[in-house]
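Just below is one structure, and these are the notes that go with it.
The values are calculated or read from the model by the stated rules, or taken from the named source; none is laboratory data. All values derive from a computational prediction rather than experimental measurement. Here the Cβ is made from the backbone with ideal geometry for all residues, glycine too, and neighbour counts use every protein chain on show. Just the protein is used for accessible areas: all its heavy atoms, side chains included, with ligands, DNA and RNA removed. Shrake-Rupley method; radii C 1.70, N 1.55, O 1.52, S 1.80 Å.
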Amino acid sequence: MNDLAWMAAAGPELRIDWARMPTYNTIMAVAAGAGLLLVVGLARRLLSPHRVEPAGWALAFTALGLVLTLTGLHMTLTWPLAGQGFPFDNVIFGEPSLAFGVMLLVAALFLWKRGEAVNEAPDRPELVARLAGPLSIFVFGMGLACFGIAAAGWKYQLFAAPPQEPISGQFADQKWLEATFISGLYVLVGIGAVLFPFALRTPSGWIVKVIGVVWTVAGVLFLLFGALNYFTHIGLIINTS
């Protein structure tokens, strides 16, 4: 029985020592969703003839990158995350957030220092493809990791909420439902990441459009789900303290 299944079986008297159980995938989900949307937005800008404002994008990527890097690093290095429940958060949320956060910070640094070179390039998509080529290997690898997370979520139903959690807890007896939803989000992110290296070969091809669609959908859903969790997680803390 996984940890969330154990929590769900504990009944309404479940009590959690929240001092030993830090959980902040709320802000991580919001930042990850916003980051995906910004990456798609910047890509569309780069593929258009319009000028890119490097400083604005650098500031946005830095803000989100710091949130994801700091929280992801702490969650990744804190093993296990807590003595009871959610020990797999280190792998599922911590490591992907850390990877995405670092990539956003690297992109922010480049835009801040050399962003004008992108505007001055006679062929911006080709320049961006050359610059992003080496990093695309890591993006591809994290895409495969997203598929692994999704498969684990489906097999072990890791994302089922306990009945003490508002809204999501109403489906505690249907663990497959939230597992399918969250795993589906990771699949969408993984599809875009795995296709990323191939999109760099033809920046104006159909692969770029597919990546734009899957990352936009995943970004919106991650952002909204993270925002909703600010209510559901507060309710869970109150109901189990």
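When the residues of segment 82-100 are filtered to those that are at pLDDT 90 or above and not hydrophobic (A, V, I, L, M, F, W, C), the one that is surrounded by the fewest Cβ atoms within 10 Å (Cβ to Cβ) is Glu95. Here Phe159 does not qualify as part of a helix (DSSP H, G or I) and among the hydrophobic types (A, V, I, L, M, F, W, C). Within segment 110-129, the set of residues being open to solvent by 40 Å² or more (accessible area, probe 1.4 Å) and not in a helix (DSSP H, G or I) comprises Pro122, Asp123. Does Trp79 fit the bill of being touching a helix residue (DSSP H, G or I) at 6+ places or on another chain (Cβ under 6 Å), in a helix (DSSP H, G or I) and open to solvent by 80 Å² or more (accessible area, probe 1.4 Å)? In short, no.
Within segment 204-241, restricting attention to residues that are free of Cβ contacts under 8 Å to residues at least 24 places away in the same chain and open to solvent by 60 Å² or more (accessible area, probe 1.4 Å), the residue that is farthest from Ala34 (Cα to Cα) is Ile238. Of the numbered criteria (1) open to solvent by less than 50 Å² (accessible area, probe 1.4 Å); (2) over 22 Å from Thr240 (Cβ atoms); (3) part of a loop (DSSP other than H, G, I, E, B), the one Arg201 fails is (1).
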